[in-house]
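The values are calculated or read from the model by the stated rules, or taken from the named source; none is laboratory data. Predicted, not measured: the structure shown is a model, and the values here were computed from it. Here the Cβ positions follow ideal geometry from the backbone for every residue, glycine too, while neighbour counts run over all protein chains shown. Heads up: the accessible areas ignore ligands, DNA and RNA and are worked out on the full protein's heavy atoms, side chains in. Shrake-Rupley method; radii C 1.70, N 1.55, O 1.52, S 1.80 Å.
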Amino acid sequence: MEKNDMVSLTIEDISAEGFGVGRFDGMAFFVKDTVPGDEVEASVTKLKKTYGYARLTKILKPSPHRVKAVCPVARSCGGCQIQEMSYEQQLVFKENKVRGNLERIGKFTDIPMDPIIGMENPFHYRNKAQFPIGLDKNGNIVAGFYAGRTHTIIDNRRCCLGAEVNERILDIVIAHMEAEHILPYDEKTGRGLVRHVLIRVGFATGQIMVCLVVNGTDLPGAEKLTDALRAIEGMTSISLNFNRENTNVILGRDGKLLWGKNYIEDFIGNVKYQISPLSFFQVNPVQTEKLYGLALEYAGLDGGETVWDMYCGIGTISLFLAQKAGKVYGVEVVPQAIDDACRNARINGIDNAQFFVGKAEEILPSIYQRHRIHADVIVVDPPRKGCDAALLNTIIRMQSPKVVYVSCDSATLARDLRILCDHGYALTKCRAVDMFPMTGHVETVALMTRTDVAKG
Ligand code: SAH
């Protein structure tokens, strides 16, 4: 077989990046914009030993789960991958993916799994958007997204995953740039001023932040722009962020406030967060609350427990659980995230949470080594690569009665749960949560309990 050969495939699965997967002659082919159940013709674009990539050329027979994309640019934009699959089927697919990994990689049978938690409205769920600004072929200012793997910007101010107010904000910013003859930044020449517009919306508070990322330290006519933006209900923070580097990193370190406060506020449950342009914050607050609510339910706290929250980030889970626990300890490797966690604890009057900066696989083993600490519940929420073996070993040695595992990659989840199960734990409950509709991602929460405890 060679590049550009045509293959006929029945799409059976979806890859982690959201590509449809079909088989031809024992080879797996990844085909963008296809849905399980589609029969398609595709042209081979890349060949490896056991798999390849192919470009969709014709849908021979559409899958019963195929729907028309809501967004006219769904295929060219990298933001959504499975908009052409009905949302109902997306949920089936995600739940099966988690179950399949637990069975195949984790060797679990009779998995105690509750139905996946989906969204009532799977669009407009993102509270944060970063639109690149550029010029189109005709010299018009555009805001949207990069096409494919290029840095060509396709105009799309109406992303159906983002907040509806984004479009109005971008219209105002671009009208201002046109009126003041402000040019977008050009990566090739390093000239021009405006690079990105970052917009964040507090879904529970309605507060809005607009931050223009500029290749400089000023914006001509800044006051006129802030006057126009302030007319939008909820506008709370308008700022510039300075980024004069030739880099793909969107935000620079410094900036200045043009109007309002330098942060917006939002809530996860009843915990309040202050969010500045550089802060990390979960992008789907509605599902985050459900995900962490599930972690809380699995932790089954009565009020006196000691909880360790590993990979705690800005402390969202720690602070959520602190309200029901005796004491919560959080561990996170990024120091700025821990600064945020401490501030968030303070503004909420939470005084039973304490945070450590460092690697989970170093902090917990060393504290356990020195102090033989006890944990009633250990929560882990690691990045995609899962937990480090040194951390799992310590958890096993500590024999904490419950481990609540929050995972964004069910393959590494299955691997880690198997290790815990081979050392005294049992998988007691698990449930998938859809945090990112229209993409291939799925989160899972699993409860592991000690078998000696479970048996009393
Ligand atoms: N629960 C967190 C989000 C977790 S995302 C929250 O509520 O914000 C995973 C986190 O693990 C990230 O914040 C990342 O910085 C952190 N991380 C990655 N590797 C780590 C390690 N080895 N030890 C501790 N934290 C780590």
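Selection over the range 146-175 of residues that are touching a Pro at 6+ places or on another chain (Cβ under 7 Å) and within 23 Å of Pro437 (Cα to Cα) gives a count of 1.
Mind checking whether some residue in the range 158-181 is open to solvent by less than 10 Å² (accessible area, probe 1.4 Å), without any contact (Cβ under 8 Å) to a residue 40 or more places away in the chain, touching a His at 6+ places or on another chain (Cβ under 8 Å) and not in a helix (DSSP H, G or I)? Yes, there is a match, as at least one residue in the range 158-181 is open to solvent by less than 10 Å² (accessible area, probe 1.4 Å), without any contact (Cβ under 8 Å) to a residue 40 or more places away in the chain, touching a His at 6+ places or on another chain (Cβ under 8 Å) and not in a helix (DSSP H, G or I). Scoring Glu12 on the criteria (1) touching a residue at least 60 places away in the same chain (Cβ under 8 Å); (2) under 30 Å from Ile419 (Cβ atoms) leaves a single failure, condition (1).
For Met448, are the conditions met, namely being open to solvent by less than 40 Å² (accessible area, probe 1.4 Å), among the aliphatic types (A, V, I, L, M), under 22 Å from Phe19 (Cβ atoms) and touching a residue at least 12 places away in the same chain (Cβ under 8 Å)? Outline the logic, then answer.
Numbers: open to solvent by less than 40 Å² (accessible area, probe 1.4 Å): yes; among the aliphatic types (A, V, I, L, M): yes; under 22 Å from Phe19 (Cβ atoms): no; touching a residue at least 12 places away in the same chain (Cβ under 8 Å): yes.
Criteria not met by Met448.
Looking only at residues of the range 390-404 that are away from the ligand (no atom under 12 Å from the Cβ) and closer than 21 Å to Glu443 by Cα, we find that the one that is nearest to the chain's Cα centre (by Cα) is Val403.
Checking the condition out of contact with any helix residue (DSSP H, G or I) (no Cβ under 6 Å at 6 or more places or on another chain), within 12 Å of the ligand (Cβ to nearest atom) and under 30 Å from Glu120 (Cβ atoms), which residue from Glu289, Glu297, Glu362 passes?
On the way: Glu297 fails: within 12 Å of the ligand (Cβ to nearest atom); Glu362 fails: under 30 Å from Glu120 (Cβ atoms).
One residue alone meets the criteria, Glu289.
When the residues of the range 313-337 are filtered to those that are within 19 Å of Phe267 (Cα to Cα) and open to solvent by less than 10 Å² (accessible area, probe 1.4 Å), which remaining residue is farthest from the ligand (Cβ to nearest atom)? Write out each step before concluding.
Our first condition is that a residue be within 19 Å of Phe267 (Cα to Cα); within the range 313-337, this holds for 313-324, 337.
Narrowing the set further to residues that are open to solvent by less than 10 Å² (accessible area, probe 1.4 Å) leaves 314-319, 321-322.
Values: Ile314: 5, Gly315: 6, Thr316: 3, Ile317: 5, Ser318: 8, Leu319: 9, Leu321: 11, Ala322: 13 Å.
Residue satisfying both the conditions and the ranking: Ala322.
Considering the range 338-359, the residues that are away from the ligand (no atom under 11 Å from the Cβ), open to solvent by 10 Å² or more (accessible area, probe 1.4 Å) and aliphatic (A, V, I, L, M) include one that is farthest from Val380 (Cα to Cα), namely Ile347. The residue of the range 365-389 that is farthest from Gly304 (Cα to Cα), among those that are within 10 Å of the ligand (Cβ to nearest atom) and among the acidic types (Asp, Glu), is Asp388.
Conditions (1) surrounded by 13 or more Cβ atoms within 10 Å (Cβ to Cβ); (2) within 30 Å of Tyr146 (Cα to Cα); (3) in the same structural domain as Asp416 (by TED's automatic domain parsing), marked per residue:
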site: Gly52; (1), (2), (3): yes, yes, no
site: Arg55; (1), (2), (3): yes, yes, no
site: Arg75; (1), (2), (3): yes, yes, no
site: Glu95; (1), (2), (3): yes, no, yes
site: Asn101; (1), (2), (3): yes, no, yes
site: Ile105; (1), (2), (3): yes, no, yes
site: Ile111; (1), (2), (3): yes, no, yes
site: Asp114; (1), (2), (3): no, no, yes
